[in-house]
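Presented below is the structure to which this report refers.
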Amino acid sequence: MHMMASTIRSFACPPLASASVSVRDNFKGRTRIGCLQERCPFPQAMQFGRVSMNVAVNVSRFEGITMAPPDPILGVSEAFRADKDETKLNLGVGAYRTEELQPYVLQVVKKAENLMLERGENKEYLPIEGLAAFNKATADLLLGADNPLIKQEKVATVQGLSGTGSLRLAAALIERYFPGAKVLISAPTWGNHKNIFNDAKVPWSEYRYYDPKTVGLDFDGMIADVKAAPCGSFILLHGCAHNPTGIDPTPEQWEKIADVIQEKNHIPFFDVAYQGFASGSLDADASSVRLFAARGMELFVAQSYSKNLGLYAERIGAINVVCSSSDTAVRVKSQLKRLARPMYSNPPVHGARIVANVVGDPVLFSEWKSEMELMAGRIKDVRKRLYDNLSGNDKSGKDWSFILRQIGMFSFTGLNKAQSENMTNKWHVYMTKDGRISLAGLSLAKCEYLADAIVDSYHNVN
Ligand code: PLA
C-alpha cells in the first residue's frame, strides 16, 4: 500500500517535462531521468528510474522498457517447446534425461520425500543460513567428512538458491568487502557467470582456457593470464566437468594452477555444479577443491544439487568459504547472512531436507552413489556411441576423438554459430550457439541422427 501511494505521488509531480532531466548514463547506454523539482518528495526513486517520465498519460509507464534477448541457454528450451517437428532434440540445457528422453526423478529422492511426509515436517522459516543438517552434509560432501578444516570449524557454509544463487551471494560478498577486486573467468565459461558478476557489479576479465587448435586446454595461456592478474584477484575455476568445454586440467596441472594462485595471493573461487556427475565418484570430482584446501588456502566454493541429485527446480546449493581460522569463518558467515536477508530472507527447505536425508542416511547415501554412477555411465555410453557414429559417417577423415576426451554432461563440438544454427533450423537439434551439446539430453537411439546432423553442418556450412 505504502509503495503504491508513493508511486502515484511521484508520478504526479507536475509539470513532468520541465521537472525532469535526461542524463545519458554511460552504463550500457541507458537513459536516466532525475526529478529536479525542489519539493518533489521522491527525487531518489526517480533518479534511479530508467524509464522516461516524459510520456503522455495514456501511454504505459513501461514504454521505455525494451524486449530482452532470450537467454542463450534457457531460451533454447523455449524455442524447442515451440517446434512441432517429431524428430526434434533438445540438447540445450544441461538436464539429465532417460534413454526414453524423459526427465528423471532419482529413486533416493522419492524415498527421502516419503520419509519427510512420514515425519510430518513443518513449513516454518529456515534460519537465514539454511538448514543446519544440510549445511553440515554439504560441507562434508565437498571436503570429506574427516577433513580437519571441518573439525576446526574453518568453513563458513550458507545454504544458497542452488549454484546460481550461491555464486551470486559470493559475488555480493566480493563486491562489499573487496571493492575493485577482479574476478578472472575462463574463456569460454558458463554464460551466466558474466551476468552474475555484472549484476553484482564485480569487475571480471577472462583467462585463456580453451585452445580450438588442439580442442584441448590452453594450459600455458591459462597460467600466463593467472600470473598476469593483479595480486589478490579471484580466480573462478570449474571444480570438475568444465562447462561448456568438458575439458578439465589433469591432477598435475591442478597442482601448477594452485602454485601460481598461491604465489600471486589470489583467491580461488570454485564453481562445483557437477560433483559426482563427471566421473561418477563424489570424491574424485571434489579432488581439485580438496587439493587447494589441503594447501591451507582460503577459498570460495559454490555447490549445486541440480544435476547430481536431479533437484533442478528445488534450487538447492550452498556457498562455502574456507577460512584460515574459525573466528574468520564466523565473521564471514555473519556477513553472508546479512547479504542474504534483504535478497530473499531465507532459503527454501524442501531440497535441503532431501539432501540432508540422502547424505545423512548410509543406505540412501549408497543408493544415491549407484544412481549417480548410472546417470554418469549413461552419458559416457552416449558419448562413445556418438563418437562411433561420427567417425563412421564422416568420410572426410576428420578426427572426432576429442569428444571422447571431454567429460561431464556436455560436448563442445567445435561447431560455429552458423553451423549450430543449421543444426536447429535444418535438423531440429536445439543447442547453444557456441557449439555445445548436452549429452544428458541424448539417447543412444538418436546418436546416429545427431551424427548425421553434425557431419552435415560441419562440412556444408561455413
Ligand atoms: N555453474 C555451472 C558451471 C553450471 O553449468 C550451472 C548450470 C550452474 C552453475 C547453475 O546451476 P543451478 O543454479 O541450477 O544450480 N548450467 C546449466 C543450466 C545446466 C543453466 O544454464 O542454468 C546449463 O545448461 O549450462
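This table checks each residue for (1) out of contact with any His (no Cβ under 9 Å at 6 or more places or on another chain); (2) modelled with pLDDT under 95; (3) open to solvent by 50 Å² or more (accessible area, probe 1.4 Å); (4) not small (Gly, Ala, Ser).
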| residue | (1), (2), (3), (4) |
| --- | --- |
| Gly351 | yes, no, no, no |
| Asn357 | yes, no, no, yes |
| Ser366 | yes, no, yes, no |
| Met375 | yes, yes, no, yes |
| Asp381 | yes, no, yes, yes |
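Look through region 54-77, keep the residues that are away from the ligand (no atom under 13 Å from the Cβ) and among the charged types (D, E, K, R), and return whichever of them is most open to solvent (accessible area, probe 1.4 Å).
Glu63
Take region 98-124 and flag every residue that is closer than 23 Å to Glu421 by Cβ and crowded, with 16+ Cβ neighbours inside 10 Å.
Within region 98-124, the first condition is being closer than 23 Å to Glu421 by Cβ, and the residues that meet it are 101.
Matches in region 98-124: none.
One line per residue, one yes/no per condition, for (1) closer than 16 Å to His242 by Cα; (2) in a loop (DSSP other than H, G, I, E, B):
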{"position": "Gly280", "(1), (2)": "yes, yes"}
{"position": "Ala284", "(1), (2)": "yes, no"}
{"position": "Arg290", "(1), (2)": "no, no"}
{"position": "Ala293", "(1), (2)": "no, no"}
{"position": "Met297", "(1), (2)": "no, yes"}
{"position": "Val301", "(1), (2)": "yes, no"}
{"position": "Lys307", "(1), (2)": "yes, yes"}
{"position": "Ala313", "(1), (2)": "no, no"}
{"position": "Asn320", "(1), (2)": "no, no"}
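Give the number of residues within region 218-245 that are within 20 Å of Ala273 (Cα to Cα), out of contact with any His (no Cβ under 7 Å at 6 or more places or on another chain) and among the aliphatic types (A, V, I, L, M).
Counting residues in region 218-245 that are within 20 Å of Ala273 (Cα to Cα), out of contact with any His (no Cβ under 7 Å at 6 or more places or on another chain) and among the aliphatic types (A, V, I, L, M) gives 2.
For region 175-188, what are the residues that are open to solvent by 20 Å² or more (accessible area, probe 1.4 Å), within 19 Å of the chain's Cα centre (by Cα) and either within 14 Å of the ligand (Cβ to nearest atom) or of a type outside the set (D, E, K, R) (or both)?
Ala187, Pro188
Restricting the first residue to region 429-450 and requiring it to be in contact (Cβ under 8 Å) with a residue 24 or more places away in the chain and under 15 Å from Phe80 (Cβ atoms), which pairs with a second residue that is open to solvent by 10 Å² or more (accessible area, probe 1.4 Å) and away from the ligand (no atom under 15 Å from the Cβ) meet a Cβ separation below 6 Å and a spacing of at least six or different chains?
Filtered contacts from region 429-450: Tyr430/Thr424; Lys433/Lys417.
On the basis of being at pLDDT 95 or above and surrounded by 23 or more Cβ atoms within 10 Å (Cβ to Cβ), does Pro244 make the cut?
yes
Search region 409-424 for residues that are closer than 26 Å to Glu373 by Cβ and pair each with any residue that is open to solvent by less than 40 Å² (accessible area, probe 1.4 Å) and away from the ligand (no atom under 16 Å from the Cβ) when their beta-carbon atoms are under 6 Å apart and the residues are at least 6 apart or on different chains.
Taking only residues 6 or more apart or on different chains, the pairs are Ser411/Ile403.
Report, by residue number, each residue of region 193-244 that is basic (Lys, Arg) and either part of a loop (DSSP other than H, G, I, E, B) or within 16 Å of the ligand (Cβ to nearest atom) (or both).
Lys194, Lys201, Lys213
Take the conditions surrounded by fewer than 17 Cβ atoms within 10 Å (Cβ to Cβ), more than 16 Å from the ligand (Cβ to nearest atom) and not in a strand (DSSP E or B) and apply them to Asn265. Does it pass?
The answer is yes for Asn265.
Give the residue that is surrounded by the most Cβ atoms within 10 Å (Cβ to Cβ), with candidates limited to residues of region 189-229 that are within 23 Å of Asp71 (Cβ to Cβ) and touching a residue at least 60 places away in the same chain (Cβ under 8 Å).
Among those residues, the one meeting the criterion is Trp190.
Pick from Ala293, Ala313: which is within 16 Å of the ligand (Cβ to nearest atom) and out of contact with any Ser or Thr (no Cβ under 7 Å at 6 or more places or on another chain)?
Ala313
Please enumerate the residues belonging to region 153-168 that are assigned to a strand (DSSP E or B), within 15 Å of the ligand (Cβ to nearest atom) and either without any contact (Cβ under 8 Å) to a residue 40 or more places away in the chain or among the small types (Gly, Ala, Ser) (or both).
Within region 153-168, Gly160 is the sole residue that qualifies.
What pairs can you find where one residue is in region 71-90 and within 19 Å of Leu450 (Cα to Cα), the other is charged (D, E, K, R) and within 16 Å of the ligand (Cβ to nearest atom), and their Cβ atoms are less than 6 Å apart, with a gap of 6+ or different chains?
Every condition considered, no pair remains.
Go through (1) hydrophobic (A, V, I, L, M, F, W, C); (2) at positive phi; (3) more than 19 Å from the chain's Cα centre (by Cα) and name the single condition Ala241 misses.
(3)
Can you find a residue in region 394-404 that is of a type in the set (A, V, I, L, M, F, W, C), touching a Gly at 6+ places or on another chain (Cβ under 6 Å) and outside any helix (DSSP H, G or I)?
no
Restricting attention to region 109-140, which residues are within 16 Å of the ligand (Cβ to nearest atom) and in contact with a strand residue (DSSP E or B) (Cβ under 8 Å, 6 or more places away or on another chain)?
Gly130, Phe134, Thr138
Could you tell me whether region 396-403 includes any residue that is over 17 Å from Val455 (Cβ atoms), of a type in the set (A, V, I, L, M, F, W, C) and either within 16 Å of the ligand (Cβ to nearest atom) or surrounded by fewer than 20 Cβ atoms within 10 Å (Cβ to Cβ) (or both)?
Residues of region 396-403 that are over 17 Å from Val455 (Cβ atoms), as a first pass: none.
No, region 396-403 contains no residue that is over 17 Å from Val455 (Cβ atoms), of a type in the set (A, V, I, L, M, F, W, C) and either within 16 Å of the ligand (Cβ to nearest atom) or surrounded by fewer than 20 Cβ atoms within 10 Å (Cβ to Cβ) (or both).
The values are calculated or read from the model by the stated rules, or taken from the named source; none is laboratory data. Bear in mind the structure is a predicted one, so any value in this text is a computation, not a measurement. Backbone-built Cβ (ideal geometry, glycine too); neighbour counts: all protein chains shown. For the accessible areas, the whole protein counts, side chains as well, though only heavy atoms, and no ligand, DNA or RNA atoms are used. Shrake-Rupley method; radii C 1.70, N 1.55, O 1.52, S 1.80 Å.
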